[in-house]
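Input: a single structure, listed below in structure tokens.
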Amino acid sequence: MADVEKLQGELSELLLVEDPDAGLAWAEETLKGDIGVTDFFNLVFTPAMAAVGDKFGRMEIFLPELMDAADRAKRISEEVLQPMMAASDSDQELIRGKIVMASVKGDLHDIGKNMVVLMLRVNGFEVFDMGVDVAPRDILDKAKEVEADIVGLSSLMTTSMPYMKECVELRNGFGLKGNFSVIVGGAPITAEYTAEIGADSFGKNAVEAVERCLALLDRPAIE
Amino acid sequence: MKNSPIYDYMLSVLDKAEHGPVVDENDWDFNYINRTIKDLVKKYDIQWDAEVMVPADDDLADRLFEAGMELAREVGVYCLDTKRQMKWSQEELDYILSTAPKEEVLGLGEDKVTVRHRLPDEDSPITTIGGPYGTPVAEELFVPIMVSYAQESILDYIDNATLVSTHGRPIKAGSPWEAVGCWQEAQLSFEVLERVGRQGMPIGCAEDSPSAIGELATTTYGGFRLTDWHHASFISELKVAYAELTKSIHYQHTGAFSHNFYNTIYGGYVGGAEGLAVAIVAGVILMKATLNGTTFNPGPSHAHLSCNTFPAMIPSLSLGFQAISRNTKLMTSSFPRPVGGPCTKTLLYESAAMAVATVPAGISILEGIQSAAGRITNHVTGLEAKFLAQVGRASVGLTRSEANELVQHIIPLYADQQNLGEAIQGVPFEEAYDVETIQPLPEWQGMYEETCREMEALLGLTL
């Protein structure tokens with residue numbers, strides 16, 4: 001059996017090098033060895049991406065490097081892993097969950113939300129990023145359209161927080177509570193506020209947002 | 001009737017928002033901002049020893065100014081509403097910088113305050129402002145909290161908190177509740193000035209106007225005055241919304257005093273400390289070019305901690321202020337946003353580090369504080385602003401080299417407490433102050449006095 005820890009380390013480093021094709025070639029070569037595609041995905045690819053996310057959490061890399069790594073990981077998934085899994089009839093899911101993300105109405109800030117989007121992507125989520133200043137009804141429509149598991153709402157300002165409440169109220173009012181969870185975050189958001197508006201979870205930063213989304217889907221965190 | 005040159009200039013700014021090249025926003029963040037800044041850091045050799053907290057290298061400061069100017073000229077500003085790039089020629093930038101005043105008087109009567117341009121290492125006085133700067137506070141605590149700042153004579157003027165609610169209702173951005181909230185903010189602010197007998201004191205406002213509605217509704221008869229300190233801002237990175245352009249045009253017409261701010265993000269699209277410094281300089285130049293204010297604050301914020309007292313960010317900010325101060329007449333403000341909240345020594349140490357690092361860098365204004373990173377409702381008091389102003393005034397006359405040594409003594413007192421995403425929240429106002437007498441409770445007062453003595457011994461300054 002391959003040394004998966006060594007492979008994890010190699011991949012997480014390759015996701016951060018200048019050459020955008022380096023990880024792709026390495027994955028193809030590695031999968032010619034004695035590790036199957038499902039084990040590669042679960043034991044190498046996913047933990048390697050999580051390790052890159054952790055580096056951003058510790059500010060050892062910055063947002064642009066995280067964006068590059070997410071793009072490279074996406075290419076490995078689409079160009080190497082998915083074709084191999086289709087060929088092997090594997091029922092392995094490559095996506096850990098679907099999330100609709102938005103900065104709510106009245107809030108034009110996007111960097112915090114973008115950080116969460118990227119951290120979710122490098123941790124294996126499919127994310128539908130609706131951007132900023134998004135009305136509650138539009139968010140609900142998107143969640144229904146893509147059959148989201150989770151809706152993530154961001155607000156940097158107290159004056160946009162009422163739109164988070166509206167979003168939860170609309171979800172419940174339209175009978176969609178069983179369809180998807182709502183997680184909220186942003187500088188002024190607290191656990192108390194989350195409970196007060198009836199949201200399902202709260203992440204105080206991008207790292208915690210990933211942990212909470214995994215918990216909402218009852219998936220274990222990546223070791 | 002013929003327009004004045006400056007009014008024609010402002011119309012040309014609006015034209016840029018309507019007619020500039022259409023740019024995808026992701027492309028803006030990644031290529032226009034990140035790639036350009038990376039190139040400029042290399043081209044102008046923007047680097048310093050990581051141990052240095054207050055660089056004292058004039059050549060580096062001037063190279064940083066050139067890098068920031070090139071970013072301003074080559075990249076410009078992104079208009080969020082039209083999705084267009086707003087670009088300026090060097091001649092346009094030179095024109096608008098040349099119109100900047102070196103000095104401005106705010107306020108009324110005996111409470112007038114003069115703000116002046118300062119150079120690095122200069123021993124001329126700074127202006128000090130105290131307030132929660134948009135930190136949310138409960139309606140019933142707005143007046144006592146703001147009085148806790150306004151009553152401190154060392155503070156030249158105040159900047160408001162944001163109301164959590166207005167008349168018991170949430171203030172929704174872009175709704176009529178913004179106008180209601182800003183009118184309540186104005187009325188409560190005048191009550192604060194009345195209570196401390198400083199009726200002419202300028203007010204930093206409006207802090208309940210995320211769109212233009214609140215500001216436009218209340219900068220009028222019976223509301224906020226032209227002599228107050230009105231705000232218009234950028235969004236990171238180098239983006240502007242119609243709402244802020246609307247406010248700026250309103251200020252241009254009314255003659256209201258305008259303060260512009262921008263929070264560039266450490267660890268975000270600008271990258272690390274060197275890129276942050278370039279963005280700080282470009283941000284100040286472009287705020288002048290776009291919003292045409294009179295005073296400027298460039299943040300910044302840490303991507304995870306939301307603070308700006310993280311050690312690696314301090315030299316970027318100090319150097320950015322030096323670059324602006326040495327090469328323009330613009331008046332800048334330093335604004336600590338610490339991780340620590342009231343009734344913690346961390347808050348005081350972080351504030352001291354920022355004051356010592358930035359006053360000798362040539363700032364005009366020392367303002368604050370968004371305690372606990374401005375995140376937690378009611379976690380603000382006037383005492384930390386008083387402390388900041390004391391350290392700031394004591395730092396006037398220090399050279400940058402002297403300041404560097406002092407900041408290096410302060411950093412170890414708080415650096416290991418800045419953990420990811422965690423505010424050291426301290427206590428809310430009502431547990432730090434007697435709400436009736438509006439005086440600090442013994443625990444907070446004692447901690448403040450002890451830290452003053454500690455700083456005097458450690459830094460050799462008289463507070």
Quick one: of A:Lys55/A:Lys105; B:Lys16/B:Lys43; A:Lys142/A:Lys177, which pairs are farther than 20 Å apart, Cα to Cα? A:Lys55/A:Lys105; B:Lys16/B:Lys43
The computed P(r) of segment A:4-87 puts the percent of Cα pairs beyond 19 Å at 30
Report the FRET efficiency, 1/(1 + (r/R0)^6), for B:Leu97 and B:Asp49, where r is their Cβ-Cβ distance and R0 is 41 Å, rounded to 0.05. 0.85
Starting from the Cα of B:Leu458, step 7 Å along the direction of its Cβ; do the same at A:Phe174; then give the gap between the two resulting points in nm. 5.4
Can you give the charge dipole size of chain B about its Cα centre, rounded to the nearest 20 debye, using +1 on the beta carbon of Lys and Arg and -1 on the beta carbon of Asp and Glu? 920
What's the longest bit of chain A with no exposed trypsin sites (Lys or Arg not before Pro), using DSSP loop states and at most 14 other Cβ atoms within 10 Å as the test? A:59-176
Give me the mean projected area, in nm² to one decimal, of the convex hull enclosing the Cα positions of segment B:341-462. 7.5
Simple label model, 7 Å out from Cα along Cβ direction - B:Ser12 to A:Thr38, nm: 6.7
Please identify, among A:Val134, A:Val52, A:Val17, the residue showing maximal mean-square fluctuation in a Gaussian network model of chain A using a 10 angstrom Cα cutoff. A:Val17
Please report the antiparallel percentage of the DSSP beta bridges confined to the protein assembly as shown, to the nearest 5. 20
Shape descriptors of the protein assembly as shown over alpha-carbon atoms, Rg and Dmax in angstrom, are 25.1, 84
Measure out, as a whole number of angstrom, how far apart the alpha-carbon centroids of segment B:20-65 and segment A:1-47 sit. 34
Give, in nm to one decimal, the length gained when the segment between B:His253 and B:Lys87 is fully stretched (0.36 nm per residue of separation minus the Cα-Cα distance). 57.4 nm
Relative contact order (percent, whole number), chain B, Cα cutoff 8 Å, 6+ residue spacing: 20
Between the alpha carbon centres of segment B:370-409 and segment A:188-205 the gap in Å comes to 31
If you plug each phi of segment A:64-77 into the Karplus form 6.51 cos²θ - 1.76 cosθ + 1.60 with θ = phi - 60°, what whole-Hz ³J(HN,Hα) values come out, in order, with x for Gly and Pro? x, 5, 5, 5, 4, 4, 5, 5, 5, 5, 4, 5, 4, 4
Leading residue at positive end of dipole, the protein assembly as shown (Cβ point charges), from B:Gly197, B:Ser371, B:Ala303: B:Gly197
Sorted by Cβ density within 10 Å, fewest first, the residues B:Thr246, B:Thr377, B:Thr358: B:Thr246, B:Thr377, B:Thr358
Could you give the size of the charge dipole of segment A:4-87 about its Cα centre, using +1 on the Cβ of each K and R and -1 on the Cβ of each D and E, expressed in debye and rounded to the nearest 20? 240
Taking N as the number of residues in segment B:103-459, what is its Cα Rg relative to 2.2 N^0.38 Å? 0.90
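Values in this text are rule-based calculations from the coordinates and carry no lab data. Just so it is clear, the structure is predicted and the values come from calculations on it, not from any experiment. Here Cβ is always computed from backbone atoms with ideal geometry, including for glycine, and neighbour counts include all displayed protein chains.
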